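Working notes, beginning with the structure itself.
The values are calculated or read from the model by the stated rules, or taken from the named source; none is laboratory data. All values reported here derive from a predicted model rather than from experimental measurement. No Cβ is skipped: glycine too gets one built from the backbone with ideal geometry, and neighbour counts run over all protein chains shown.
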Amino acid sequence: MPKLIKGTFNRNDAGQISEFTLTGHAEAGPYGSDIVCAAVSALAISTVNSLDALAGIIPTVETKEDEGGYLHVALELDDTMSQEQMNISQILLEHLLLGLQSIEKDYLDFIEIQTESKS
């Protein structure tokens, strides 16, 4: 059984994505040639960078170097965020979710994405 990248996206009561976690390794190919891992990494890193560059939001980012294959990103969706920042952040996060779901359709044995409601 191949290893999986698991992604979990949490939505608040308003349906907005407030955080996501990516764990594991796809091992869909040799180190340096794993296109699933490369695609997931590129999407996730570009989303985090775009939250800062395009929305002016610096999310809380947690990685675990010793475990590898762990990224947790959380946003404070509160009154300090402007409506424009909220809109941009949600477009970026929904884009990430759609991109990962697209990868999941083609590489079901290597990636599993889910969304959860979190109050």
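Brief remarks on what is shown
The rows are residues; the columns are (1) farther than 18 Å from D106 by Cα; (2) of a type in the set (S, T, N, Q); (3) in contact with a strand residue (DSSP E or B) (Cβ under 6 Å, 6 or more places away or on another chain); (4) part of a strand (DSSP E or B).
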{"position": "N10", "(1), (2), (3), (4)": "yes, yes, yes, yes"}
{"position": "F20", "(1), (2), (3), (4)": "yes, no, yes, yes"}
{"position": "T23", "(1), (2), (3), (4)": "yes, yes, yes, yes"}
{"position": "G32", "(1), (2), (3), (4)": "yes, no, no, no"}
{"position": "V40", "(1), (2), (3), (4)": "no, no, yes, no"}
{"position": "L43", "(1), (2), (3), (4)": "no, no, no, no"}
{"position": "S46", "(1), (2), (3), (4)": "yes, yes, no, no"}
{"position": "S50", "(1), (2), (3), (4)": "yes, yes, no, no"}
{"position": "L54", "(1), (2), (3), (4)": "yes, no, no, no"}
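- Hey, D13 surrounded by fewer than 19 Cβ atoms within 10 Å (Cβ to Cβ), in contact with a Pro (Cβ under 6 Å, 6 or more places away or on another chain) and touching a residue at least 40 places away in the same chain (Cβ under 8 Å) or not: no
- Of the criteria (1) within 19 Å of Q114 (Cα to Cα); (2) surrounded by 19 or more Cβ atoms within 10 Å (Cβ to Cβ); (3) free of Cβ contacts under 8 Å to residues at least 60 places away in the same chain; (4) over 13 Å from the mean Cα position of the chain (by Cα), which one C37 fails: (4)
- Scanning region 75-117 for residues that are among the charged types (D, E, K, R) and more than 26 Å from V36 (Cβ to Cβ) yields a total of 4.
- Among residues of region 76-98, those that are more than 17 Å from T47 (Cβ to Cβ) and either within 10 Å of the chain's Cα centre (by Cα) or in a helix (DSSP H, G or I) (or both), counted: 2
- Against the test of being at negative phi and either surrounded by 12 or more Cβ atoms within 10 Å (Cβ to Cβ) or aliphatic (A, V, I, L, M) (or both), the options Y70, Y31 yield a single qualifying residue, Y70.
- Among the candidates L100, L75, L96, L92, residue that is touching an Asp or Glu at 6+ places or on another chain (Cβ under 8 Å) and at pLDDT 95 or above: L75
- Unmet criterion (only one of (1) within 11 Å of the chain's Cα centre (by Cα); (2) assigned to a helix (DSSP H, G or I); (3) more than 14 Å from L4 (Cα to Cα)) for S102: (1)
For (1) out of contact with any Asp or Glu (no Cβ under 6 Å at 6 or more places or on another chain); (2) farther than 27 Å from M86 by Cβ; (3) among the aliphatic types (A, V, I, L, M), each residue gets a yes or a no:
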{"residue": "G15", "(1), (2), (3)": "yes, no, no"}
{"residue": "S18", "(1), (2), (3)": "yes, no, no"}
{"residue": "A26", "(1), (2), (3)": "no, yes, yes"}
{"residue": "C37", "(1), (2), (3)": "yes, yes, no"}
{"residue": "A44", "(1), (2), (3)": "yes, no, yes"}
{"residue": "A53", "(1), (2), (3)": "yes, no, yes"}
{"residue": "I57", "(1), (2), (3)": "yes, no, yes"}
{"residue": "T63", "(1), (2), (3)": "yes, no, no"}
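- Residue, farthest from S89 (Cα to Cα), within region 43-60, restricted to residues that are more than 10 Å from the chain's Cα centre (by Cα) and exposed (fewer than 13 other Cβ atoms within 10 Å of the Cβ): T60
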